[in-house]
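Following: one structure in structure tokens, then a few remarks.
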Amino acid sequence: MHKDLKKYDHGTLVAAMTSADFYPHKPAEIIHKQTHISDVFLAGDRVYKVKKPVNLGFLDFSTLEKRYRFCCEEVRLNQRLTSDIYLGVEKITWDRNGYGLNITGETVDYAVKMRRLPDEHTLEYLLVSNRVTESFINRLIHTLADFYNASALKKKERDRFGSFDAIGQKCRDN
């Protein structure tokens, strides 16, 4: 945990990340989106995702170390299918001037850095514009099936995590 809690307040960090001055590339526009576990900032041609400092039982991002570990895992796992989108993990730092991305100062959090997709390539856009076709779904299914069949997980491990009962239990726990 942080020695000086005045340095780190997630709400203050979120406010700082909505300012172009926070980012080295000074984006013209920043869009902030939230999930129950992350704050996502669409900042020009980049996206930065910060994990909220929460412990929900089924996931625990309550410490800086845990958030760093899970950011690294997210990048490692997702680069297998999207190496040109997931670019790495960036340090969020704090000094007497406030928060910044990869500036000198104490590391107070981490962000997953991604390349921003054009809006017309997002599933939300495709759904709203009625462009999700049977062909699109079939290509997606085959891509994922090939990926999982080639994965290092043995069938027994896949069944343990991906069976109907296992997924159903995760849904009930959530």
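Miscellaneous remarks
- Qualifying residue in the range 58-65 (condition: under 12 Å from the mean Cα position of the chain (by Cα), farther than 20 Å from Ser151 by Cα and touching a residue at least 40 places away in the same chain (Cβ under 8 Å)): no
Yes/no per residue for (1) within 15 Å of Lys91 (Cα to Cα); (2) surrounded by 15 or more Cβ atoms within 10 Å (Cβ to Cβ); (3) free of Cβ contacts under 8 Å to residues at least 40 places away in the same chain; (4) touching a strand residue (DSSP E or B) at 6+ places or on another chain (Cβ under 6 Å):
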site	(1), (2), (3), (4)
Ala15	no, no, yes, no
Ser19	no, no, yes, no
Tyr23	yes, yes, no, yes
Leu42	no, yes, no, yes
Asn55	no, no, yes, no
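- Tabulated pairs, the range 132-145, first modelled with pLDDT under 95, second part of a helix (DSSP H, G or I), C-beta under 6 angstrom, 6+ apart or interchain: Val132/Leu126
- Check on Thr93, part of a loop (DSSP other than H, G, I, E, B), closer than 30 Å to Thr18 by Cα and either assigned by TED's automatic domain parsing to the domain that holds Phe41 or of a type outside the set (Asp, Glu) (or both): no
- Residue in the range 29-38 that is in contact (Cβ under 8 Å) with a residue 24 or more places away in the chain and out of contact with any helix residue (DSSP H, G or I) (no Cβ under 7 Å at 6 or more places or on another chain) present: yes
- A single member of Tyr110, Tyr99 is under 18 Å from Val14 (Cβ atoms), of a type in the set (Ser, Thr, Tyr), in a strand (DSSP E or B) and under 17 Å from the mean Cα position of the chain (by Cα), and it is Tyr110.
- Unmet criterion (only one of (1) modelled with pLDDT of 90 or more; (2) surrounded by 10 or more Cβ atoms within 10 Å (Cβ to Cβ); (3) part of a helix (DSSP H, G or I); (4) not assigned by TED's automatic domain parsing to the domain that holds Val40) for Asn149: (1)
- Qualifying position, being touching an Asp or Glu at 6+ places or on another chain (Cβ under 8 Å), in the same structural domain as Pro24 (by TED's automatic domain parsing) and without any contact (Cβ under 8 Å) to a residue 40 or more places away in the chain, among Tyr86, Tyr110: Tyr86
The values are calculated or read from the model by the stated rules, or taken from the named source; none is laboratory data. For clarity, every value in this text was computed on a predicted model and none was experimentally measured. In this analysis, Cβ positions are derived from the backbone assuming ideal geometry, glycine residues included, and neighbour counts consider all displayed protein chains.
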